[in-house]
1. Out of C:Thr30, C:Thr87, C:Thr73, C:Thr49, report the one residue that is of a type in the set (S, T, N, Q), in a helix (DSSP H, G or I) and on the phi < 0 side of the Ramachandran plot.
2. If you check B:Ser185 against the conditions, is it of a type in the set (Gly, Ala, Ser), within 18 Å of B:Leu197 (Cβ to Cβ) and in the same structural domain as B:Ser200 (by TED's automatic domain parsing)?
3. Quickly run through the stretch C:90-124 and pick out the residues that are free of Cβ contacts under 8 Å to residues at least 12 places away in the same chain and in a loop (DSSP other than H, G, I, E, B).
4. Which members of the stretch A:456-489 meet the condition of being touching a residue at least 24 places away in the same chain (Cβ under 8 Å) and in a loop (DSSP other than H, G, I, E, B)?
5. Which numbered condition trips up B:Gly52, out of (1) on the phi < 0 side of the Ramachandran plot; (2) at the interface with another protein chain (Cβ under 10 Å from one of its Cβ atoms); (3) of a type in the set (Gly, Ala, Ser)?
6. Looking at (1) out of contact with any Lys or Arg (no Cβ under 9 Å at 6 or more places or on another chain); (2) on the phi > 0 side of the Ramachandran plot, which is the only condition A:Gly33 fails?
7. Suppose we keep only residues that are in a helix (DSSP H, G or I) and free of Cβ contacts under 8 Å to residues at least 40 places away in the same chain within the stretch A:132-149. Which one would you say is farthest from A:Val27 (Cα to Cα)?
8. Give the residue that is modelled with the lowest pLDDT, with candidates limited to residues of the stretch C:88-97 that are more than 7 Å from chain A (Cβ to nearest Cβ) and surrounded by fewer than 23 Cβ atoms within 10 Å (Cβ to Cβ).
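The values are calculated or read from the model by the stated rules, or taken from the named source; none is laboratory data. Everything numeric here is computed off the predicted structure, so don't read it as measured data. Please note: Cβ atoms are built from the backbone with ideal geometry, for glycine as well, and neighbour counts cover all protein chains shown.
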Amino acid sequence: MQQLVAYTVIGLTTGAIYALASSGLVVTYVTSGVFNIAHGAIGMIAAFSYWQVRFDWGWPAPIALVAILGILCPTLGLAIDRVALRGLAQATEVTRLTATVALMAAFIGTAAWIWPPENRQPFRGFFDGNNVNIFGVNVGWNKIIALIAAIIVALGLRVLLYGTRLGIQMRAVVDDRNLAELNGARPSRIASASWALGASLAGLAGILLAAEVQLNIVPLTLLVINAYAAAIFGRLKSLPLTFIGAMALGLTEAYLLWGQGESWFPKTVSGFSTSGLRQATPTIFLFILLLLLPQAKLRAGAARLRERSVIPQWNTAILGAVVLVVSSIAVTGMLTRSNTIYLVQALIMALAVVSLVPLTGYAGLVSLAPLTFAGIGAVLMSKMPGDGNVLSLIAVVAIVALIGALIALPALRLEGIYLALATGAFALLVSILVFNQGKIFSNGVAEVPPLRIPGVDLSQPRPKAIFLSIAFAIVGLGLVALRRSSLGRRLVAMKDSPLAGATLGMNLVRTKVLAFAISAAIASLAGALDAGKVAPDNYVFDRSLPILLLAIVGGIGSIGGAFFGGMLLGSNAVLASIVPSLSKVTQVMPGLIGLSMGRNPNGASHQVATAFRPVTQHPQSLVIALGGVGALWLLTFLDIISNWGFFAALVVWGLGIVPNLPALANTTGRPRMLCLSIAAAGIGLASFFDDVFDAAPTGGRLLAVIILFVAVGNAIRRVHTPAKPTNKSSPDLVGLVAFTAEELSKSDRDIKVVL
Amino acid sequence: MTALLEVRSVAVRFGGVMALSGVNLDVQEGTITGLIGPNGAGKTTLFNVICGIRQPTSGVILFDDKEINRIPTQKRSSLGIGRTFQRLELFTTLSVFDNVLVAAELAGVDNPHEVAKEQLLLLGLSNLASTIAGELPTGSARLLEVARALAGHPRLLLLDEPASGLDDAETQQLAQLLRRLKSLSITVLLVEHDMSLIMSVCDQIHVLNLGSVIASGTTDQIQHNPDVIDAYLGAAR
Amino acid sequence: MTASRNVILELRNVSASYDAISVLHDVNITVHGGEVVALLGPNGAGKSTVLKIASALLRPTQGSIRVANHDLTGAPASELARLGVCTIPEGRGIFPNLSVYENLQMAVKKGLTISVIEERAFARFPMLAERRSQLAGTLSGGQQQMLSLARGLATDPVLLMLDEMSMGLAPLVVADLYEQVQTIAAEGVSVLVVEQFARTVLGIADTAVLMSHGRVRFAGNASEVDEATLSGAYLGTQETLN
């Protein structure tokens, strides 16, 4: 009995934390329509920041709470709404989703950078060490506070949404945005308010959760899964149901915890450990709820994309493949052994990225699980008899393709965001329940045998790199063939208008399943060909996020872009080894690059292309752009500027100044001089960045770099394209009102009423 | 003459609203049949029911004397039902040619490339073949939807406001095309607000108002039917 | 120029398009103080687009919107609403998941308390008082339309713009609603009404504007529009009038 009480209390308090997080999620989703994957990451950042001010700097708890929940979180929420997501209201769901995935990746990178694991001290909950006795069970104050906070928030939200004008306006915006605006409400401000509120609730949940799980980036970030499970229980709109869902989830977890401690609970099921079951509960919960959602309806209104789905040409594709293979032979001849290993990793990443080309690029379906399929490929390859036989590889690819199709099948009833979430849940399930098994990765390592090809030793880095580039070339050519085939056209057609496709006779389910199977098959190569010892950590969920982002940044749908994205990911390790102080920057980069696409609903490749197309078409600017990079490199090489200075100047130059070069070339007179001096000042400031920000922590420096590049870019843009003066005068309201009053008085006489 | 399409007592309920209530109408084989009525009368809903995007709450759809209620959307095209959309549903990132090619391939014709070329020629879009569909002006985009629907060689073509957004010359061209389709013995059911187009090409007209058919007849009968005039102009005060 | 000829709303040389589809060509429409203007024409003529432009939900590609002789081209819709331009859009113009009371609370106007707004609304439409806490989505079509009228009028608008109020409503309900509009107009509010049922509104309009194919074909005294012209324009018995 006492145990029942104890675990019930644990369950309810955990549920309370989930309820806080999910209510924040629901509030932002209903008012802004953005499915915020980064919700947990906001909570995570809040928890780390709270630890910083409360325990590292020793602020009193109330002040720390106000600083984090009252200032930092709302600011973060506003910034996300105003900076990252503005302009995405009309974008496709996939684009909006990707923007929040980018946010999540950026937050994870930032936290890992600012708070490296070795510097983290224990995180203590509120009134740590003091307990309350409830029915003979000692319950920590942190848990009690979580419960109380959840109750207060539940009541507060009720009052806000039903009793205040702001809340009613929030609900009105959900009902009919245009109509709310016609009634004088300002939907964008209301959305900002809800983002601020949502972020604070995420922050509160994060701080309360940190006391239970300590400062661990991944569990805190994955709070979003718990939040989503509860929110989807409430169908993403009902707060009471969301609270019930959160409590049910908390209780299930607690009772499982109880059960696992008892002797009757099976420790293994047919040789598989059940220890990951509790950790996987929210994901299973979410997965089941997603599958119970009603079948997505075909909706009219195809997205009006102006981008071109470029049909790759055979001659350029073959040329690219040959150049890739030849240059990998040449380059590996010059590289050191360790650098060749980096190249191998980059090529593996490129294979993972390119697996999203048919799925996301052609068919428009988002997957958060590319590396999970790679992991399954690696595991199967290591278990497969034949020790690297080519036939085993073929069998592995076929099995993973089948698994991909099977996973897709139930998930296909879902559309857009729900589908992406289901793939994310699948990725988590596999890494918690499968990859953590001793049976799968014995002692946390699996030995993937190198492919046996007569006369070639693929366990050596150089042949491996050459072999992988050949594999990439073959996959690339295969994708070219696919895109040029009838199936390829069908995939693109399905992305553009599923409704038209269905009326023309397209079997949407079969087409989607095929897209998933092809993608999974390619991704499996990234695991099965990665010969050597591999750890399950290579294939965790959060590593798949940068893969998706870089696929999009590289130009989803373009094979060359995917290769570029993979190289960029792989180059992290190289950069880290050459310039250790820059290694952290590379963790944040995918997220930041992904975020920049938030400015353009058409997607990053489109945006990057439009931003830099004028430059590439203007030889003069191109020369100056490349010359600038060379000059900066030279200055660094000669030790005139520091590594940080180089990085800062490179960002300002590449992102702030270069896109404006062609426009500058056409500007004359004073604006041109002004722009040039802004550019010079920006670069100068950036070059001596280290002297200016000598004492600043790394995060502060990065922030300064971003602010600097945005400021320089915007200033230049503003000077050479001056905004048109607008006539902002408003009618004389007083006059109008007086006038109608006058009208009223003589309405009988003046107004002709036709009966 | 026989009826190619028969709509029998079809009703559709959206929540508490009856979008269609007991609709009965026939479309004779080889004719151009107009379907007109004020906004919100239920015309597009009826189209969605005919091509299986929406299930009727009650009632039966007969195509070529066979009930097709249970046949899923993607299989109705192989029966010979093609349609266009009021809000364009082109494959916007594919080229004009590929739009038609995908349709021909989905229809399983023997030589899809040839069929696609023929359709573009028929609709005068050949010179735009390599243009990206999303960049087409409205007139050409509407014609492309028709070309795409024709690529599967349908017996019944449902056109949902094909003339909206077209200029006068393009509307004339569309009228000619419709007559051409009739000479190719393709049956057309036409929803359109441009009355001069309706009156000049239709053999038979059905008028929908508030979810039911209030009149059926030839153009002359419809133009002078007092119920139709009331439905369009409202009751006099 | 007398006070009654004050220009409340003026669309000058307005053209508009949705993406590449051009829907309005050089449209000029003026609404004077206390005037009821009926905007008529067959479906697809561009009437609703005119209202979207006039309420600032859509930006014109060319031309300007002037309210009381001030250029408001490009201002947000919320600003026009705050200036007393009240728009009831097509489809009922209510928030279905808000109660009747909450719908009324959405009427934003400085210096007006909710109790005043409610009092006025219930005085005009006593039926709403009985359904104060009912969800607006569960009201009948006619009641929903009354609610949106009540909400709009509670803010003392200078100009009321109505879009296809009659859509999907039975003729008797429509007649009832337009009787209310007539009362409102008699109180001195200018009204711009878009309606496909021409006869119904010609009876209460001072001025009629007939549109087809995105152009204004006729603008003048409502009594000049006769039955033959109308059925010609709508059912195509004659070519479009000029």
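1. Details: C:Thr30 fails: in a helix (DSSP H, G or I); C:Thr87 fails: in a helix (DSSP H, G or I); C:Thr73 fails: in a helix (DSSP H, G or I).
After ruling out the rest, the residue left standing is C:Thr49.
2. Working: of a type in the set (Gly, Ala, Ser): yes; within 18 Å of B:Leu197 (Cβ to Cβ): no; in the same structural domain as B:Ser200 (by TED's automatic domain parsing): yes.
So B:Ser185 fails the test.
3. If the condition is that a residue be free of Cβ contacts under 8 Å to residues at least 12 places away in the same chain and in a loop (DSSP other than H, G, I, E, B), then C:Lys110, C:Gly111, C:Thr113 are the ones that fit.
4. Answer for the stretch A:456-489, where residues must be touching a residue at least 24 places away in the same chain (Cβ under 8 Å) and in a loop (DSSP other than H, G, I, E, B): A:Leu458, A:Ser459.
5. (1)
6. (1)
7. First, the residues of the stretch A:132-149 that are in a helix (DSSP H, G or I): A:141-149.
Retained after the next criterion (residues that are free of Cβ contacts under 8 Å to residues at least 40 places away in the same chain): A:141, A:148.
Values: A:Trp141: 28, A:Ile148: 20 Å.
Only one residue fits best here, namely A:Trp141.
8. Filtering the stretch C:88-97 down to residues more than 7 Å from chain A (Cβ to nearest Cβ) leaves C:88, C:90-92, C:94.
Checking which are surrounded by fewer than 23 Cβ atoms within 10 Å (Cβ to Cβ) leaves us with C:90-91.
Details: C:Glu90: 81, C:Gly91: 75.
The residue in question is C:Gly91.
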